[in-house]
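Structure, as structure tokens:
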Amino acid sequence: MAGNTGGPWGGGNNGGGGDDDRNRGGRKPGQEGPNIPEIDDLVNKGREQLRVLMGGGKGGNRGTGGSGGTPPQLTRGTVFIGLMILVVLWLAASFYTVRPEERSVELLLGRYSQTGEPGLNFAPWPVVTREVVPVTTERNIDIGVSRAGMDAGLMLTGDENIVDIDFQVVWNITDPQLYLFNLANPPQTIEAVAESAMREIISQSELAPILNRDRGAIADRLSDLIQSTLDSYDSGVNIVRVNFDKADPPEPVIASFRAVQDAEQERDRVQNVADAYANQVVAEARGQAAQILEESEGYRAQVVNEAEGEASRFLAVLNEYQKAPDVTRKRIYLETMEGVLGGVDIILLDDNAEGGQGVVPYLPLNELRRTPTTGGSN
């Protein structure tokens, strides 16, 4: 076969006879300008290169006046290379890596087979396929007026009031198998369960505790209720926590509600002041009453003791009088005179023989009693 001398694109003579006017010089008769390769020449060139790559000999071009080309031939080397490429592709599709925060679910012909652990795992594709699921990643679902719509967070309380609640549910995955096969739309399911549980809790509570002191208790109870409901679904979902962000009256009545709250707080303040004053007055009155009672008890005990002592002394004297009346009578007289005259100064007056009065010198016993004491002090 004649060689191709029409340039790099094979646009020259192809060894034909008078039919080579079509390809002479790479242009049609009557055309002027540079040589432009034809579509057939480009296709033939590509076939020739493919034949060489597949291991066949280099044959003539298929063209007008040319002989037919040799069909591609498969050799053992080509088959081996092709098989190696297929094996590499199969291994690449079968081996996969699971990160520490992930787990994989392997499916044998569409049915659950096993759960893959972190690291390198093998699932012979296409018989076994896998789904990789992040299990430790915390996901958030926001529920409330400011997030999901004008009515999403409006709930009716047990005392027939309306409260506007915003809260957030934080969750992750504990069982990838249950998560993938038991819930069609896990986020939507969790949101519906959380909203339903919150409405149940709010319907059993009064407005004032919700707004003031019971938020933490409500959040704990809500988390337990959501978890128990999802466990009943075998969802494979774990509720990490519930963030109770806001609990306010509805926007149209919030000003009036705050005015009522301020009035209630003022009432409580005044009530506390009154209670403190009442407690103070009552405590003082109780203290005075106790003091008076103690004094009365003391006076009563004193009078009784004195009376009993006098009675005892009288009985003692009576007994002595009955034993010796004269002696007892004289002793009583002397004790009585001692008691009467013991605290007075005594001056003795004596009548003299002429009927006048004279002062009788006396021994000042009182002064004598005081003199040793004075001398001792000096």
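Could you grab me the full set of residues in the range 213-235 that are acidic (D, E) and assigned to a helix (DSSP H, G or I)?
D220, D224, D231
Here is a yes/no grid of residues against (1) at pLDDT 80 or above; (2) under 26 Å from L156 (Cβ atoms); (3) of a type in the set (A, V, I, L, M, F, W, C):
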residue: N238; (1), (2), (3): yes, no, no
residue: F244; (1), (2), (3): yes, yes, yes
residue: D262; (1), (2), (3): yes, yes, no
residue: D275; (1), (2), (3): yes, no, no
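Among the listed residues E160, E191, E200, E195, which satisfies the condition of being charged (D, E, K, R), over 21 Å from the mean Cα position of the chain (by Cα) and either more than 30 Å from E117 (Cβ to Cβ) or outside any helix (DSSP H, G or I) (or both)?
E160
If you scan the range 145-165, which residues turn out to be over 19 Å from R258 (Cβ atoms), at pLDDT below 80 and in contact with a strand residue (DSSP E or B) (Cβ under 9 Å, 6 or more places away or on another chain)?
Residues satisfying the conditions are R147, A148, A152.
If I filter the range 206-223 for residues that are closer than 19 Å to G144 by Cα, hydrophobic (A, V, I, L, M, F, W, C) and more than 27 Å from the chain's Cα centre (by Cα), do I get at least one hit?
Within the range 206-223, none of the residues are closer than 19 Å to G144 by Cα, hydrophobic (A, V, I, L, M, F, W, C) and more than 27 Å from the chain's Cα centre (by Cα).
Could you please let me know if A255 is modelled with pLDDT of 90 or more and more than 19 Å from N140 (Cα to Cα)? Full working, then the answer.
Working: modelled with pLDDT of 90 or more: no; more than 19 Å from N140 (Cα to Cα): yes.
Judged against the criteria, A255 is not a match.
Return a yes/no flag: does the range 300-320 have any residue that is aliphatic (A, V, I, L, M), outside any helix (DSSP H, G or I) and modelled with pLDDT under 90.
No, the conditions are met nowhere in the range 300-320.
For the range 110-142, what are the residues that are within 30 Å of S223 (Cβ to Cβ) and of a type in the set (S, T, Y)?
Within the range 110-142, Y112, T115, T136, T137 meet the criteria.
The values are calculated or read from the model by the stated rules, or taken from the named source; none is laboratory data. Keep in mind that what you see is a predicted model, and the values were worked out from it rather than measured. Cβ atoms come from the backbone with ideal geometry, glycine included; neighbour counts cover every protein chain shown.
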